[in-house]
Amino acid sequence: MGRFVPIAKVAALESQPAIEVVIEGRIVAVYRVDGEYVAIEGICPHAGGPLGAGTLVGTTVTCPWHGWQFDVTTGRHCLSDRIQQATYVVRVDGDDICVELP
């Protein structure tokens with residue numbers, strides 16, 4: 001079991017669907033989907049693109065560099081079950097969005 005670390009304020013995702021944060025050497029992309037928050041590893045495995053800067057449609061984010069797509073709720077690549085981004089457990093504590101880190 002890990003520990004929850006605050007990574008952003010809820011207000012940071014009120015006017016946009018995603019943000020990218022660096023926490024303890026990790027780049028994490030945090031998304032607001034249907035009023036809930038989810039987080040995945042923020043670096044696309046194809047060429048290192050910033051998934052937090054990608055376009056989010058429903059639960060699918062498209063990497064802005066080369067178009068790779070991932071389901072942000074599961075981390076799974078949309079075309080290959082062999083490619084998967086790490087996901088993080090997210091909880092809201094007051095006005096802080098927190099992710100669980102190992």
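The values are calculated or read from the model by the stated rules, or taken from the named source; none is laboratory data. The shown structure was predicted, so the numbers you read here are calculated from the model rather than taken from an experiment. We place every Cβ from the backbone using ideal geometry, glycine too, and count neighbours over all the protein chains shown. Note: accessible area is taken over every heavy atom of the protein model, side chains too, but ligands, DNA and RNA are not part of it. Shrake-Rupley method; radii C 1.70, N 1.55, O 1.52, S 1.80 Å.
Some notes on this structure:
- Rounded to whole Hz, the Karplus (6.51, -1.76, 1.60) HN-Hα couplings of the stretch 66-80, x for glycine and proline: 9, x, 5, 10, 9, 7, 6, 7, 10, x, 6, 5, 6, 10, 9
- For the chain, the solvent-accessible area with a 1.4 angstrom probe is 55 square angstrom per residue.
- With only the Cα atoms considered, the stretch 1-77 has a convex hull volume of 98 Å³ per residue.
- Comparing mean-square fluctuations of C44, C63, C78 from a GNM of the chain with C-alpha springs under 10 Å, the top value falls on C78.
- Between amide H atoms placed 1.01 Å from N, distances below 5 Å from V33 occur with V38, all of them 5 or more places distant or on a separate chain.
- Distant-in-sequence amide contacts of R76, defined by a placed amide H-H separation under 5 Å and a gap of 5 or more residues or a different chain, comprise D71, Q85.
- Among the cysteines of the chain, those whose beta-carbon sits 4.7 Å or more from every other cysteine beta-carbon are C78, C98.
- Each residue, A11 and T73, gets one label point 7 Å from its Cα in the Cβ direction; the gap between the two is 3.0 nm.
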